[in-house]
Amino acid sequence: LSLELEDQNLKDYTEVIIQEADRLRSLLDQMLGPNKSAQKSPLNIHEVLERVSSLISSEAGKTIQICKDYDPSIPDVIGNSEHLIQAVLNIARNALQALNTLPSEHTKKITLVTRTIRQVTLGSKRHRIVCQINICDNGPGIPHELQDSIFYPMITNRAEGTGLGLTIAQQIINQHEGLIEYSSEPGSTCFTIFIPIHEGES
């Protein structure tokens, strides 16, 4: 299809489809293959977020505002780019789907924020510096009856949902020695990802 299209704008869309198909195939190969740790390397977390922003923008069109508040001074984290894209994308896609339930006249917004925080305990380990990523939306909020179980497999309030998105996101962040937390009320839901920064390794 890409070879047959003459419009460069349309070719840009097919390129996204090709890249995503390749990334998801690789992700499935890693997750369904032998149980070994994914290869990790230094990466700029904002490149991950920009990729997710591009994908969400393609899905949402002009119906959703994506706001960004990045701290450009954040050092590289050690991680697997494909896995982290998937983790953040799963959360952002949930936000998009929640916003799509609102009336069209409602201003719909997803906000991506990055910061560094210091002296944080993740699990049982104390880290001197941690990358904090917030994925927030101004949607209807997570139903109260689901709030204690949203990270469990098969938990969803959408008929077409699999209930695996947040479970996979949590698994990926755990593999990066990190943590996901969230807060939610009508009009404001915010998922926060914490990933340790191992200074000297990047």
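Some points to look at:
- Summing Cβ point charges (Lys, Arg +1; Asp, Glu -1) relative to the Cα centre of the range 101-145 gives a dipole of roughly 520 debye.
- Annotation: per residue accessible area for the range 40-98 equals 41 Å², rounded to a whole number [probe 1.4 Å, protein chains only].
- Pair LEU5, THR121: separation of 7 Å Cα→Cβ label points (nm): 5.2 nm
- Proximity of backbone amide H atoms, modeled 1.01 Å from N, is registered between HIS127 and VAL120, THR121, LEU122 at under 5 Å, excluding neighbours fewer than 5 places apart on the same chain.
- Computed extension length for HIS198-HIS106: 29.0 nm, one decimal, from 0.36 nm per residue of separation with the Cα-Cα distance subtracted.
- Estimated FRET transfer efficiency (GLU50, ARG25; beta-carbon r; R0 22 Å; 0.05): 0.50
The values are calculated or read from the model by the stated rules, or taken from the named source; none is laboratory data. Model, not experiment: these values are computed from the prediction. Cβ atoms come from the backbone with ideal geometry, glycine included; neighbour counts cover every protein chain shown. Side chains are part of the model used for accessible areas, which takes the heavy atoms of the whole protein and leaves out ligands, DNA and RNA. Shrake-Rupley method; radii C 1.70, N 1.55, O 1.52, S 1.80 Å.
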